[in-house]
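The structure appears below as structure tokens.
The values are calculated or read from the model by the stated rules, or taken from the named source; none is laboratory data. Since the structure is predicted, the reported quantities are computational estimates derived from the model, not experimental observations. Cβ placement follows ideal geometry from the backbone for every residue including glycine, while neighbour counts extend to all protein chains displayed.
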Amino acid sequence: MNKIECLFTIFSALILMYATFYFMPHLIGKNHIYGVSINQEHRDYPDFITLDKKFKKLLFIGFIVIFILVLALVFMFDKIEFSYSISIIGFLLYESILYIYIHKKVKMTKSKFCTELSQISVDSKLVIDMDFINEKNKIIKKFKILYLIPVLLTFGISIFILLNYNQLPDLITTHSTITGKPDGFMEKSYLSVFKLIGLEFCIMVLLYITSIGAIKARIKVDTNKIEESKTKNIKYLNKIGYLFFILMIMMIVQFFIVFLSLKINPNLLTVINIIMLLVIIYLMVTYINSPNLKFNSSYTPDNDEKYWIGGIIYNNPNDPSFMVDKRFGIGWTINLGNPIGKILYILIAIFLIFSLFSVIKSLLL
């Protein structure tokens, strides 16, 4: 990769990270601002607007500084690979520190007009509808069975590959471009094959857990239009359920076509990659338009400020929910107070530490 290609790749990644954080406050629910729960009527509070402008200003300054650093590393010190890693990790770290700083400022500002954290909304309602809960449980049961198909399919194909190990090519493709051109390879060995198919199986199991957790996540009903809200929520749960299923199937097809180096029309793999990207985008759009994010949504335990760490990590041992809606970001977050949640957080931490050491090691070699 030459210097111009390197700069284009880094700039594209930084722009994506910058845009994601810049527009994130506008993509989350109307009851939250920088991870802090507020009333809709307080969202236009002058101090909140000032903090939002400050966040965007500091974010832009950080983006410029990081990009100037990249230019220096590439053209003055000829550190092409190092510049890519340091820019992504550095900007991500800067964004995280900036978010925590603004989050604390917002929380302090909120205390000016809210003396008790529990007084998030004086007219909050707790809505429990057994008919709706039963309907939701039927949906959960349906997708628990449906999601077993890609998991069992992955397991079956993996066994088939191991049984036909001698038929595999000497160089196994591990990655390909969006156009279907292989650009990553690994020498064939029992260990490498087992690692790759084991990783794919673990990804499928993790997707199974995540998908079911997303569907089981607590639903908030619009207290002004209860019946209409229930209908919309049922449609929403079915939609995200089928989107996750399509995503799992497409991932299996993509992985094994690349892994087995199947002789197919390269355009087919391109189509598969594009479909996967569109499914992910549509899933994000569906979540953003979720009935859960409406202003008049019913009160639930995850509205309580005391259970949130930095507005990012939800820790409520008394809440049986495995996943809840994020306060800052698109999607769901895991309940640290849940036993399974604790295990996943530990595994994620181990994975991140291992990945960080791998990056540092590769840069030093």
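Observations on the structure shown:
- Tallying residues that are among the aliphatic types (A, V, I, L, M), touching a residue at least 12 places away in the same chain (Cβ under 8 Å) and assigned to a helix (DSSP H, G or I) within region 150-169 yields 5.
- Of residues in region 23-41 being surrounded by fewer than 16 Cβ atoms within 10 Å (Cβ to Cβ) and over 16 Å from the mean Cα position of the chain (by Cα), the one farthest from I88 (Cα to Cα): E41
- Residue among K225, K239 that alone is under 18 Å from S290 (Cα atoms) and modelled with pLDDT of 85 or more: K239
- Among the residues listed as V127, V74, V106, the single one being crowded, with 16+ Cβ neighbours inside 10 Å and either under 25 Å from F55 (Cα atoms) or at pLDDT 90 or above (or both): V106
- Residue satisfying all of: in region 182-198; modelled with pLDDT of 70 or more and not in a helix (DSSP H, G or I); farthest from N164 (Cα to Cα) among these: F185
- Within region 322-339, restricting attention to residues that are over 18 Å from the mean Cα position of the chain (by Cα) and surrounded by fewer than 21 Cβ atoms within 10 Å (Cβ to Cβ), the residue that is farthest from H26 (Cα to Cα) is P339.
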